[in-house]
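This report refers to the structure that appears directly beneath it.
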Amino acid sequence: MQPIVAKFGGSSLADAKQFRKVAEIVRADPDRRFIVVSAPGKRSSGDTKVTDLLYRCCELASAGKDHTPVLEQIRGRFEEIIRELGIAFALDAELDVIDRHLRTAPERDYMASRGEYLNAKLFAACLGFSFYDAAEAVRFAPDGRFLADETNALLSAALSPLERAVIPGFYGADETGRVHTFSRGGSDVTGALVARAVSARLYENWTDVSGMLFTDPRIVPNPGVIDHITYRELRELSYMGASVLHEDAVFPVRRAGIPINIRNTNRPDDPGTMISHDLPPAAAQRPITGVAGRKGFSALQVEMSLMNNEIGFGARLLSILAAHGVPFEHCPTGIDTMSVVVDTAAFNACREAVLRQIELQLRPDHLSVEDGLAMIAVVGHGMGGQRGIAARVFSAVAEAGVNIRMIDQGSSELNIIIGVDEADYENAVRGICRALSDATESENDG
Ligand code: ASP
C-alpha cells in the first residue's frame, strides 16, 4: 500500500495536549508512515510561536545583546512537553549547541530551523519512529535557491528504506551543510516534497480549521467548508487571498497527481477539504467552488485610436511594466483601449518612470491610472457548462448597489474576475455569496 504523508502545523503541536491528539491521529492509520512537523505554534491568541522566539534570539545575539531570556522561554516550551509526555530527551545538550551557535556566528535560517528540528526529534521519540533530518536531503543552492529535482532524488533514496519517520518541515541545506529555510509557513512545502518523494497516495495537511472555506468568514459569517476543490481552483482562490496552504506546496504534489486533504487536528472526524486534479461528480455539478478577493490594485487605462491595427502595441505596454519588474494581473482590452491591472504596491515603486516610458514609447491619446480597486474572483470549473452564472453574479453586485469597474473572464471559464471600488468590496462579496447560495438552494429544491 502506498503511504500517507501527514504534515502537522504549529498549532497542532503547540503543547503536550496537542502532541497526544496528533499521536492518536497518526496511530489511527498505519499508512501514516511519514510525518512532517512544524515548530510549536501559538497555544492561545496572545502566545508567541517558537519560530518567532528563535528569530528574536538571533536578532538579539546579532546585535550583541543578551539572548538568554528568550532562549529560556524556548527551553520552557519544550521542557513542558517533555515532562508532560514523560519522554526521555536530551534537551540540555541540544540547547547548548544552539546557545554556542548564537555566541559565535548567529545565522538567521539556521536559528529559525531549530523549532522544527527539535519538535521532529521529540515527536519521533514520542511515537517511536525514526527521525530523519531534512538538512540531509532537502537541497538548496548556496544562494538560497531551492533545488527541486536534486531534493526529490535525495529524499526518495533516503526515505525508501525507512518504515516510519518524522521529518522536520521548513528547512533544508546546501551541499556545505549550511541551513536554508523556505518562506514562512514552509513546512507545508516540505510535506509536499516528502509526499512526492515517497509516491504517497495522499498528502494530509493537518491544521486548526476543518478545511478551506467558501469565502472569507470575516465578510460572510459561517461560509461553509469546500469539500472538494481542484488544484487549479485552489490556485485561483489562494492567489486572491484565500489562504489555507503555502503557495509552493501545491506544485510538487500536483505534478505527481497526489491529492491533498486539509484536516483539522482538533476535529479529526471532519472530512476536511480534498484537493485533486478532478472533482467527483457531485462536486463537478456545482457551478461555483469559492469566492475570494483582495484590495490594493490599480488600473492603468491607455486609449489610442486605431490601437487594434497597431501590431505590438499591447506587447510594448506590457514590456515597459516588465522592464520595471511590475507583474500584471489582468488585462481587459477594448478596440481602442487597454487596461492593465497591477498591484498598487509594486506599481508605486516605479510609477513615475513607467508612466513616462508609456508616454514616450507609445504616445497614447489618453493615459490615466485609477487606484483603490479591489478584485473579486468567483471561481468554479462548474460554471463552464452552465448558463446564467455570470448574469447571476453581476445582478447580485448591482443589487448590492455596487458599480462594477472591470470584468475579466478567462477563456477556460474557470473564473469571473470583477473589479470594484475598495469601499464596495465587502458589500459586493456578500451580495455574490447570497445570490449563489440562493441559487444553489433553489436548484436543490427543484
Ligand atoms: N515554523 C515556521 C513558521 O512559523 C514554518 C511553518 O510553521 O510551516 O513559519
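Just so it is clear, none of the values below were taken in a lab; they were calculated from the coordinates. In this text the structure is predicted, and so the values were computed from the model without any measurement. Using ideal geometry, Cβ is built from the backbone for each residue, glycine included, and neighbour counts are taken over all protein chains shown.
A few notes on this one:
- Put in line by how crowded their Cβ is, counting other Cβ atoms within 10 Å and starting with the fewest, SER187, SER160 read SER160, SER187.
- Of the GluC sites (Glu not before Pro) found in region 152-248, those that fall in a DSSP loop while having at most 13 other beta-carbon atoms within 10 Å are GLU163, GLU175.
- Anisotropy class of region 196-318 from Cα gyration tensor, a/c 1.5 cut: prolate
- Nearest 10 degrees, 0 to 90: helix 68-85 Cα axis against the chain principal axis: 70
- Cα-Cα separations in region 354-406 greater than 12 Å, expressed as whole percent: 76
- Per-peptide packing, taken as the mean over residues of other Cβ atoms within 10 Å, places 117-125, 392-400 in the sequence 117-125, 392-400 from highest down.
- Global geometry of region 1-157, whether rounded, prolate or oblate, following the gyration tensor of its Cα atoms and the 1.5 cut on a/c: oblate
- Table column - 3J(HN,Hα) (Hz), region 378-390, Karplus curve with 6.51, -1.76, 1.60, x for Gly and Pro: 9, 10, x, 4, x, 5, x, x, 10, 7, x, 5, 4
- Taking the Cα atoms of the chain, the ratio Rg/Rh between the radius of gyration and the Kirkwood radius comes to 1.02.
- Restricting attention to the chain, the count of lysine pairs at 8 or more positions apart or across chains with alpha carbons under 23 Å apart stands at 14.
- Here is how the number arises for the chain: DSSP H runs of 4 or more residues each give -39500 (n - 2.57), the sum is divided by the residue count, and the result at 222 nm is -12500 deg cm²/dmol.
- Highest-fluctuation residue, PRO281, PRO40, PRO168 considered, GNM on the chain with Cα pairs under 10 Å: PRO281
- Sequence-distant residues sharing a close amide H with GLY372 (under 5 Å, placed H): PHE297
- DSSP bridge orientation in region 171-305 - percent antiparallel, rounded to nearest 5: 45
- For region 216-351, the relative contact order is 23 percent, taking Cα pairs closer than 8 Å that sit 6 or more residues apart in sequence and dividing their mean separation by the residue count.
- Each label point was placed 7 Å from the Cα along the Cα-to-Cβ direction; for PHE394 and HIS324 their separation is 3.2 nm.
- Within the chain, DSSP assigns beta bridges of which about 60% are antiparallel (rounded to the nearest 5).
- Seen through its C-alpha gyration tensor, with square-root eigenvalues sorted a ≥ b ≥ c, region 90-152 comes out oblate because a/c lies at 1.5 or above while a/b is not bigger than b/c.
- Remark: relative contact order (region 1-160) = 21 percent; criterion is Cα-Cα distance under 8 angstrom and separation of 6 or more residues.
- Distance from the C-alpha centroid of region 383-417 to that of region 169-196: 39 Å, rounded to the whole angstrom.
- Given charges at beta-carbon only (K, R positive; D, E negative), |dipole| of the chain in Debye: 860
- With Cα atoms defining each centre, region 321-375 and region 261-291 are spaced 37 Å apart in the structure.
- For HIS180, residues with placed amide H under 5 Å, excluding near neighbours: GLY172, ALA173, ASP174
- The chain, relative contact order in percent, only Cα pairs under 8 angstrom and at least six apart counted: 13
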